[in-house]
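Nothing in this text is a laboratory measurement; each read-out follows from the coordinates by a stated rule. Computed from a predicted structure; not experimentally measured. When we count neighbours, we look across all protein chains shown, and the Cβ atoms used for this are built from the backbone with ideal geometry, even at glycine.
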Amino acid sequence: MKRHPTAIIDPKAEIDDDVIIGPYCIIESPVRIASGTEIMAHSYICSHSEIGKNNVIHMGVILGHVPQHLGYKKCASFTRIGDRNVIREYVTIHRSWEEGKATEIGNDNFLMATSHVGHDCKIGNNVVMANGALLGGHVIVHDRAFLSGHSTFHQFVRIGKLAMVSGLSGTSKDIPPFCIALGRSQVSGVNVVGMRRAGIPQKTRTLIKNAFRILYRSGLNVSHAVDAIEKEIPECEEILYFVQFIKESKRGICSFYRDQDLEKDSEQE
């Protein structure tokens, strides 16, 4: 371990030899930090935190602190971070509020400055949280979602794969996969650019756009729209996932925001 002399590290913390720990960091125990990870100045790694390989944790990060939950009682709950994540300045990530459970962040995510991950959140892989994005407790973020600056999410909300959320949005409903969300719990179209960059072929993108039209522009209610998608849209992995995500929604999905310019942008290939 390469540690600055001002860092305070509990001797019981398990830290691999090539981990770099900067000035004035505090690391409690039990903590596990895997090889290749760098923790920069003034970061605080709280007990019951597990950090994988090759993460870069910037200045002032607080990782694994007790949850902001009025019902929390001191218990052994966890924070688990995967590999190759970049966690920028002053990000806060809180551990679970229930004994034995964990807040979990996967691999290759980019959490920009001052973003917040509340207790019991589950973040997948290749997710971007821009500056000031805030997740309430129990939020689930699927792979490759992009949460723009100062967007906020109510507890228990789910954000689907490759969803794109505009800055300053406030969301209290589930955001279906591949959709563009904005404003207050609304979607305006499909994330064509994100899907193309993710390597989803044009034929599949067209199927997703058709499914979106049935869901939001056919005049059908959600359950009837899902039935229509299953009957009318050829089956593929992305459509099955799109439908299953909607079926599993407990909070309901975002409503449709009609704007001709935004609709046109979301259709362009």
Could you compute the net charge surrounding C46? Neighbours are other residues with a C-beta less than 11 Å from the C-beta of C46; K and R count +1, D and E count -1. -1
What is the gain in length, in nm to one decimal, between D16 and Q68 on full extension, counting 0.36 nm per residue of separation less the C-alpha to C-alpha distance? 15.7 nm
Quote the FRET efficiency, to the nearest 0.05, computed for K247 versus F156 with a Förster distance R0 of 22 Å and r equal to the Cβ-Cβ distance. 0.85
What lysines does K161 reach when the alpha-carbon gap must be under 26 Å and sequence neighbours fewer than 8 apart in one chain are set aside? K53, K101, K122, K173, K203, K209, K231, K247, K250, K264
Per principal axis, descending, Cα span of the range 2-141 in whole Å: 37, 31, 20
Could you state, as a whole-number percent, how many of the C-alpha pairs of the range 62-187 are farther apart than 17 Å? 51 percent
With N set to the number of residues, divide the alpha-carbon radius of gyration of the range 103-142 by 2.2 N^0.38 Å and report two decimals. 1.01
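In what sequence, highest mean first, do 241-253, 164-176 appear when ranked by Cβ atoms within 10 angstrom? Each step should come with its number before you reach the end.
On the way: 241-253: 15.9, 164-176: 21.3.
Most protected by this proxy first, the peptides run 164-176, 241-253.
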At q = 0.12, 0.18, 0.21 Å⁻¹, what log₁₀ I(q)/I(0) does a Debye calculation on the Cα points of the range 195-267 give, no solvent, two decimals? -0.33, -0.76, -1.02
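Suppose only helical runs count, i.e. DSSP H with n ≥ 4. What mean residue ellipticity at 222 nm does that imply for the chain under -39500 (n - 2.57) per run, divided by all residues and rounded to the nearest 500 deg cm²/dmol?
On the way: 5 runs with 52 residues, N = 269.
Computed mean residue ellipticity for the chain: -5500 deg cm²/dmol.
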Using alpha carbon centroids, what distance separates the range 1-37 and the range 106-145, in Å? 24 Å
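At 0.36 nm per residue, and after removing the present C-alpha to C-alpha distance, how many nm does the segment from D259 to T6 gain when stretched out fully? Provide the component values of the computation, followed by the final result.
Values: separation 253, 0.36 × 253 = 91.08 nm, distance 5.52 nm.
So the chain would gain 85.6 nm between D259 and T6.
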Any chance you could run the full-extension gain for C75 through V56? It's 0.36 nm times the residue separation minus the Cα-Cα distance, nm to one decimal. 4.0 nm
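Given C-alpha coordinates of the chain, what is the ratio Rg to Rh with the Kirkwood estimate of Rh?
Details: Rg = 20.1 Å, Rh = 19.4 Å.
Dividing the radius of gyration by the Kirkwood radius yields 1.04.
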Using packing as a proxy for protection, rank 144-151, 199-206, 17-24 so that the peptide with the highest average count of other Cβ atoms within 10 Å comes first. 144-151, 17-24, 199-206
With θ set to phi - 60°, apply the Karplus curve 6.51 cos²θ - 1.76 cosθ + 1.60 along the range 60-68 and write out the HN-Hα couplings as whole Hz, x wherever there is a Gly or Pro. x, 6, 10, 10, x, 6, 5, x, 8
